[in-house]
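Trainee: Take a look at this one; I'll ask things after.
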Amino acid sequence: MGYRDFQLLALFGAWFGWQFLPRILLLAALAGALLGTLVIVTRRHARVVPIPFGPFLAVAGFICLI
């Protein structure tokens, strides 16, 4: 996680409350793991190139918002 990821997570904690943070992290980690595995298996992405975590956090925060 980069510094902007921590800031986005802090924003979600301030907005939703600390009770939603484990749910947001779990959803983001699952989505990132699934998409990362899918992209690596289909050989569209090298294993050594990092995949950004921020978009997965944003999607998980949006899902918790709904």
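Trainee: Computed from these coordinates, which is Cα Rg over 2.2 N^0.38 Å: (i) 1.77; (ii) 1.18; (iii) 1.28?
Mentor: (ii)
Trainee: Give me the 1.4 Å probe accessible area per residue for the chain, excluding ligands and nucleic acids, in Å².
Mentor: Numbers: 5090 Å² over 66 residues.
I get 77 Å² per residue for this part.
Trainee: Roughly speaking, to the nearest percent, how much of the chain's 1.4 Å accessible area is carbon and sulfur? Don't skip to the answer; put the middle values down first.
Mentor: Numbers: 3670 of 5090 Å².
Whole-percent figure for carbon plus sulfur exposure: 72.
The values are calculated or read from the model by the stated rules, or taken from the named source; none is laboratory data. If you're wondering where the values come from, they're calculated on a predicted model, not measured in any experiment. Calculation scope for accessible area: heavy atoms of the full protein, side chains included, ligands and nucleic acids excluded. Shrake-Rupley method; radii C 1.70, N 1.55, O 1.52, S 1.80 Å.
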